[in-house]
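Below is one structure, written out as structure tokens; the observations come after it.
The values are calculated or read from the model by the stated rules, or taken from the named source; none is laboratory data. Everything numeric here is computed off the predicted structure, so don't read it as measured data. Here the Cβ positions follow ideal geometry from the backbone for every residue, glycine too, while neighbour counts run over all protein chains shown. Areas reflect the complete protein model, heavy atoms only, side chains present, ligands, DNA and RNA absent. Shrake-Rupley method; radii C 1.70, N 1.55, O 1.52, S 1.80 Å.
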Amino acid sequence: MGLTINTVLLGGHLTRDPEVKRVGDQAVANFGIAINHRTKGPDGEPKETAAFVDLEAWGRTAELVGQYLTKGSACVVEGRLKYDTWQDQDGKNRRS
């Protein structure tokens, strides 16, 4: 039996206002966060990099995200990673 764990904890600021839609009887919110990381470069100067992550929330969580969070809001999220693949208009395989 193999070990299978898929849990992440991320903290950052929203990059855009959440978009909340209804799918059947459930709400779904799509939004993104930027996660900043500060380090010192080889020359000792401060260096900042950012990771941008797209997020999806469902149900009551999606409703709360839409109600209370806006672009620039700080947030911490816990969830699981989901790997998507698709073909773009040019027929190239894409993934995120």
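Some observations on this one:
- When only the Cβ of Lys, Arg, Asp and Glu is charged (+1, +1, -1, -1), the dipole of the chain relative to its Cα centre reaches about 100 debye.
- Extension gain from Glu19 to Arg38, taking 0.36 nm per residue of separation minus the Cα-Cα distance: 3.9 nm
- Within-11-Å neighbourhood charge of Lys71 [Cβ basis; K, R +1; D, E -1]: 0
- Amide H contacts under 5 Å for Gly32: Thr15, Arg16, Leu55, restricted to partners 5 or more places along the chain or on a different chain, H placed in the peptide plane at 1.01 Å from N.
- Summing Lys and Arg as +1 and Asp and Glu as -1 over all other residues whose Cβ lies under 12 Å from the Cβ of Gly41 gives a net charge of 0.
- At R0 = 30 Å, FRET efficiency that the Cβ-Cβ distance of Thr70 and Asn93 yields, to 0.05: 0.30
- The largest-to-smallest principal axis extents of the Cα set in region 20-62 are 55, 12, 9 Å.
- What the chain shows is 82 Å² of accessible area per residue, with the surface traced by a 1.4 Å probe over protein heavy atoms.
- Per-peptide packing, taken as the mean over residues of other Cβ atoms within 10 Å, places 81-89, 59-67 in the sequence 59-67, 81-89 from highest down.
- Contact order relative to length of the chain, as percent, for alpha carbon pairs under 8 angstrom and 6 or more apart: 33
- When Rg and Dmax are taken over the Cα atoms of region 1-83, they come to 15.9, 55 Å.
- Among the protein heavy atoms of the chain, carbon and sulfur supply 50% of the accessible surface, probe 1.4 Å, non-protein parts ignored.
- Backbone geometry of region 34-42 corresponds, through the Karplus equation with coefficients 6.51, -1.76 and 1.60 at θ = phi - 60°, to 3J(HN,Hα) couplings of 10, 10, 8, 9, 9, 9, 9, x, x Hz, x marking Gly and Pro.
- Here Asp54 and Leu9 are evaluated by their C-beta separation; at R0 = 22 Å the FRET efficiency comes out at 0.85.
- For region 43-96, a/c is not less than 1.5, where a ≥ b ≥ c are the root eigenvalues of the C-alpha gyration tensor, and a/b does not top b/c. That puts it in the oblate class.
- Applied to region 14-20, the Karplus parametrisation 6.51 cos²θ - 1.76 cosθ + 1.60 on θ = phi - 60° returns per-residue 3J(HN,Hα) values of 5, 8, 7, 5, x, 10, 10 Hz, with x for Gly and Pro.
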